[in-house]
1. Residue 179 - would you say it is crowded, with 20+ Cβ neighbours inside 10 Å, free of Cβ contacts under 8 Å to residues at least 24 places away in the same chain and touching a helix residue (DSSP H, G or I) at 6+ places or on another chain (Cβ under 8 Å)?
2. Report yes if residue 216 is in a loop (DSSP other than H, G, I, E, B) and at pLDDT 95 or above, otherwise no.
3. Against the definition (at pLDDT below 95, in contact with a helix residue (DSSP H, G or I) (Cβ under 7 Å, 6 or more places away or on another chain) and part of a loop (DSSP other than H, G, I, E, B)), how does residue 15 come out, yes or no?
4. At least 3 residues that are touching a strand residue (DSSP E or B) at 6+ places or on another chain (Cβ under 6 Å), buried (at least 23 other Cβ atoms within 10 Å of the Cβ) and at pLDDT 95 or above in each: list the helices (runs of 4 or more DSSP H) lying fully within segment 49-165 that qualify.
5. Among the residues of segment 228-250, write down those that are crowded, with 17+ Cβ neighbours inside 10 Å and outside any helix (DSSP H, G or I).
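The values are calculated or read from the model by the stated rules, or taken from the named source; none is laboratory data. Values in this document were obtained by computation on a predicted structure and should not be read as measured data. Positions of Cβ are backbone-derived with ideal geometry, glycine not excepted, and every protein chain shown enters the neighbour counts.
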């Protein structure tokens with residue numbers, strides 16, 4: 001831990017290149033920095049994303065819809081390389097003024113409907129196809145409770161724990177301890193909920209599971225930040241059972257590699273424009289039966 005003590009200035013001033021893995025794209029202003037239109041493929045649903053946990057939510061949802069027989073959920077998935085600043089192109093900013101992935105353009109409407117924020121995209125698709133969202137009022141509210149729990153909680157995991165544990169230019173004890181405690185508290189919340197429920201919101205697999213698995217399921221399965229041992233994730237038995245159950249679903253296995261440009265080559269599918277894009281090599285890695 002650094003011995004220095006940061007004294008905030010009277011007025012904060014941005015200093016470009018302030019350290020850390022994402023220093024080249026961090027800035028205190030919004031809007032496009034260059035002109036570039038977004039590509040448009042052959043399907044009504046056009047996704048612009050990267051296989052971070054927030055991006056994985058949407059590709060898993062789309063693959064689950066297709067697996068459930070919703071053929072109108074066919075989509076084109078275009079790779080947005082956030083490390084290279086693709087999200088600051090004029091076309092992407094038009095789709096999401098917040099310059100964050102994922103962004104969806106739904107061309108089934110005239111004019112096309114832009115949908116940004118991963119939770120909003122999940123809800124849009126669930127309502128559009130009447131799938132993975134219970135229809136009874138009490139079950140629907142419980143599903144929404146947990147969807148919004150994820151939206152509010154994951155920034156502590158990603159921007160808090162993940163950043164200071166894995167990406168900050170120096171490891172400082174205070175933020176790591178602070179966000180480790182919060183991450184473990186959240187895992188305990190999930191473990192207690194799953195102790196008496198097959199899925200997050202009850203007996204049915206829903207958009208709440210898709211949203212939460214993409215962050216916390218992948219965390220306990222050892223896919224985020226190299227921190228599984230540090231967090232003692234195996235102690236959360238119910239979360240682990242649930243994470244493994246969802247991970248076994250073929251649609252999840254497909255969805256998590258779409259727009260993936262890192263990791264093992266056989267787990268990367270940079271763009272997806274048709275089901276046939278999952279080539280033979282990739283298909284050999286996927287199970288052929290739904291969980």
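1. Details: crowded, with 20+ Cβ neighbours inside 10 Å: yes; free of Cβ contacts under 8 Å to residues at least 24 places away in the same chain: yes; touching a helix residue (DSSP H, G or I) at 6+ places or on another chain (Cβ under 8 Å): yes.
Spelling it out, residue 179 is indeed crowded, with 20+ Cβ neighbours inside 10 Å, free of Cβ contacts under 8 Å to residues at least 24 places away in the same chain and touching a helix residue (DSSP H, G or I) at 6+ places or on another chain (Cβ under 8 Å).
2. Values: in a loop (DSSP other than H, G, I, E, B): no; at pLDDT 95 or above: yes.
The answer is no for residue 216.
3. On the way: at pLDDT below 95: yes; in contact with a helix residue (DSSP H, G or I) (Cβ under 7 Å, 6 or more places away or on another chain): no; part of a loop (DSSP other than H, G, I, E, B): yes.
So residue 15 does not fit the description; no.
4. Working: elements: 53-67, 90-95, 118-129, 137-155.
Fully inside segment 49-165 and qualifying: 53-67.
5. The answer is 231, 236, 249.
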